[in-house]
Amino acid sequence: MYSIKQWSKDERPREKLLSLGAASLSDSELLAILIRNGTRHKTALDLGREMLGLSKNNLGALGRLSVRELMKIKGIGEAKAIAIAAALELGRRRQSVLPLDKILVQSSADVAGFLQAKLQDEQREVFAVLFLSRANKVNHVEIISEGGMTGTVADPRVILKKALEESAVNLILCHNHPSGSLKPSRADEQLTTKIRDAAKLLDIQVLDHIIVSDRGYFSFADEGLM
């Protein structure tokens, strides 16, 4: 087995992390630490580079690969693939942590980054709602429904019931487009209108509907569609 232990200490990823910090390591070096051991002909760093090549050097794309897809790389067994998948999921969750008691929503940009991080890697359409106080602070975030590859359905009754439970005064709707497109469909527009009009009957305002993908986000409010 070709081991990184044979390298000089200042070239080993683990020692480099200890002496210089994690930020000093390349993506492939960080993967090498997770992979731990190489094969007879490849170091863990070689395997890390090959893994990045599988996702065209895109960590977002790497995070969407399944355990079985990672195992297509010779030298990456189930245990290593699981470790990589778990680490990428932790990174995604860390990125999407929202300090609810500190977020004051004044524009789509205030929450778009959080929503994109939370939903962009979903392979199916997911519909979520942010429930806001009168001061536009986020009280609660909840996924309302999950659909297929091309669409999802959100029941206004479920959303408004939850809004009353959370004492929400304002709402922000959100869903992802696994296809990457940020253009709202006719169904997206109709659903937005339906929820907005139903919410008005309860003196609840729908501030925005944000569509997210790995290409960015689309805000109904910013585009004058609310």
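Quick note: the coordinates plus some simple rules give every number you see, no bench work behind them. These numbers were taken from a predicted model, which means no experiment stands behind them. When we count neighbours, we look across all protein chains shown, and the Cβ atoms used for this are built from the backbone with ideal geometry, even at glycine.
I need the phi-derived Karplus couplings for the range 57-62: 6.51 cos²θ - 1.76 cosθ + 1.60, θ = phi - 60°, integer Hz, Gly and Pro marked x.
So the Karplus estimates, Gly and Pro as x, are 6, 10, 5, x, 5, 4 Hz.
Quick one: dipole size for the chain, taken about the Cα centre, charges +1 on Lys/Arg Cβ and -1 on Asp/Glu Cβ, in debye to the nearest 20. The partial results should precede the final answer.
Details: 32 positive and 28 negative charges, 179 e Å.
With only Lys, Arg, Asp and Glu charged at Cβ, the dipole is about 860 debye.
Residues in the range 169-209 near a label at ARG134, defined as backbone nitrogen under 12 Å from the 7 Å Cα→Cβ point?
Only 169-170 pass the distance filter.
Scan around ALA128 for amide H atoms under 5 Å from its own, H built in the peptide plane at 1.01 Å from N, and keep only partners 5 or more places away or cross-chain.
ILE144, CYS174, HIS175
Please turn the phi angles of the range 163-170 into ³J(HN,Hα) values with the Karplus equation 6.51 cos²θ - 1.76 cosθ + 1.60 (θ = phi - 60°), one per residue in order, whole Hz, x for glycine and proline.
4, 5, 5, 8, 6, 7, 9, 10
What nm distance separates the two modelled labels at SER107 and SER26, each placed 7 Å from Cα along Cα→Cβ?
3.7
Rounded to the nearest 500, what is the chain's calculated 222 nm mean residue ellipticity when only DSSP H runs of at least 4 contribute -39500 (n - 2.57) each, over all residues?
Values: 9 runs with 91 residues, N = 226.
Counting only the DSSP helices, I get -12000 deg cm²/dmol.
Determine the equivalent ellipsoid of the range 4-95 by diagonalising the alpha-carbon gyration tensor, then write out the semi-axes as square roots of 5 times the eigenvalues, largest first, rounded to whole Å. Intermediate results must be reported in sequence, preceding the final value.
Values: eigenvalues 84, 56, 22 Å².
They are 21, 17, 11 Å, listed largest first.
With a bin width of 5 angstrom, please list the P(r) values of the range 112-198 as percents of all Cα-Cα pairs, from the 0 bin to the one holding the largest distance.
3, 14, 26, 25, 19, 11, 3, 0
Can you compute the charge dipole magnitude of the range 4-95 about its Cα centre, using +1 on each Lys and Arg Cβ and -1 on each Asp and Glu Cβ, nothing else charged? Give it in debye, rounded to the nearest 20.
I would put it at about 180 debye.
I need the peptides 20-33, 202-215, 181-194 ranked by packing, meaning the mean over residues of other C-beta atoms within 10 angstrom, with the highest value on top. Numbers along the way, then the final one.
Working: 20-33: 16.1, 202-215: 19.3, 181-194: 13.9.
Most protected by this proxy first, the peptides run 202-215, 20-33, 181-194.
Run a plain Debye calculation on the chain (Cα atoms as equal point scatterers, no solvent) and give log10 I(q)/I(0) at q = 0.07, 0.08, 0.16, 0.18 Å⁻¹, rounded to two decimals, same order as the q list.
Values returned for q = 0.07, 0.08, 0.16, 0.18 Å⁻¹ are -0.31, -0.40, -1.01, -1.18.
Provide the FRET efficiency to the nearest 0.05 for the ARG40-ARG92 pair, computing r from the beta carbons and using R0 = 41 Å. Write down the numbers at each step before the final one.
Values: r = 33 Å, r/R0 = 0.81.
Once rounded, the FRET efficiency stands at 0.80.
Helix 186-200: angle to the longest alpha-carbon principal axis of the chain, degrees 0 to 90, nearest 10?
Approximately 50 degrees, to the nearest ten.
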